[in-house]
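Report on one structure; see the data block that follows.
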Amino acid sequence: IEADKDKVNQVLANLLSNAIKYSPQGGQIIVRCQQEVATLHLQVEDQGMGIPSKALKKIFDIYSRVYSDSTRYIQGTGLGLSIVQQIVQMHGGSIWVESTLGKGSIFHIVLALKHDPAKSAISHHALATATDGDE
């Protein structure tokens, strides 16, 4: 991919931090990265508390937080996912989330690959290597 390394790291750091914060009972956090036809598909999956379906439409809105008895102790400003979405969109990508309350969430990011397959493979490897230590 052709991307700002620091911004992509910021996206990953935020998604991983949220996966940890919203998984108070523990469980695995899985990071997947796969090359599709002309894109790189990145997924961050947790086995945490999940997001209520009515909140999914607003999860990327600025200052959006899911408030409930089980999340009231989790600190944050509600800016993280809004910033993540802006960074992904600045790179021409898309982001969405699938979630089941009580079972966890999967955040998806799709970014376009460069046209040079050799460079794409190197970038794909570098991104995968950068996320290996964060699982």
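Laboratory data are not the source of any read-out in this text; all were calculated from the coordinates shown. Here the structure is a predicted model, which is why all the values come from computation and not from measurement.
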If you stretched the chain out fully between GLU2 and GLN34, how much longer would it get, using 0.36 nm times the residue separation minus the C-alpha to C-alpha distance?
-> 9.9 nm
Cross-link partners among lysines for LYS103, C-alpha distance below 23 Å, same-chain residues fewer than 8 apart left out?
-> LYS21, LYS54, LYS57, LYS58
Per the rule of 0.36 nm per residue minus the C-alpha distance, extending ASN9 to GLN89 adds in nm 27.3 nm
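Note the full-extension length gain between GLN25 and ILE106 as 0.36 nm times their separation in residues minus their Cα-Cα distance, in nm to one decimal.
Details: separation 81, 0.36 × 81 = 29.16 nm, distance 1.70 nm.
Stretched fully, the GLN25-ILE106 segment lengthens by 27.5 nm.
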